[in-house]
Amino acid sequence: ITELGPTVTQSPQSLNQVFANYNNIDETAILQVFLAAANYQGKDSANWNFDNLVKVLIDKSPNVRLHEIIKRLDQPDLKFSSPQSLSTLFQIFHKLERYPS
């Protein structure tokens, strides 16, 4: 997702193509996608469409639970590229709250 950047999140169709070959997207994989997006440092970093990103991932993995994703943050080597990255991750989590667990 980092290689593609925010442009790929502008439409659900683009994201569905990106994730088409992934059948089992679990909480760990979703956290890795969220961390990659939150830590993205490109000049277009403000252009992520997190609504689309969250919706597509939840549609592909309807049994995912927010609390399980948050548990996976307990990593000794977890790093954020900036204080803004942590804030961005929480913005993504906030969007995830819209989906029932």
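Just so you know, all these numbers are worked out from the coordinates, no wet-lab data involved. Just so we're clear, the structure is a prediction, and the values are computed from it rather than from any experiment. Cβ: placed from backbone, ideal geometry, glycine included. Neighbour counts: every protein chain shown.
Just how large is the dipole of the range 8-78 about the Cα centre, in debye to the nearest 20, putting +1 at every Lys and Arg Cβ and -1 at every Asp and Glu Cβ? Could you put the intermediate results ahead of the total?
Numbers: 6 positive and 8 negative charges, 21 e Å.
With only Lys, Arg, Asp and Glu charged at Cβ, the dipole is about 100 debye.
With unit charges on the beta carbon (Lys/Arg positive, Asp/Glu negative), name the residue among A20, L78, A46 whose Cα is farthest towards the positive pole of the charge dipole of the chain.
So the residue furthest toward the plus end is A46.
Please give the Cα centre distance for the range 28-74 versus the range 80-95, rounded to the nearest Å.
10
Which of the lysines could a cross-linker span from K79 if the Cα-Cα distance has to be under 26 Å and same-chain partners fewer than 8 positions apart are dropped?
Leaving aside lysines fewer than 8 places away in the same chain, those within reach of K79 are K43, K55, K71, K95.
Given just the C-alpha atoms of the chain, how large is their convex hull per residue in cubic angstrom?
Details: hull volume 9.6 nm³, N = 101.
Dividing the Cα hull volume of the chain by its residues yields 95 Å³.
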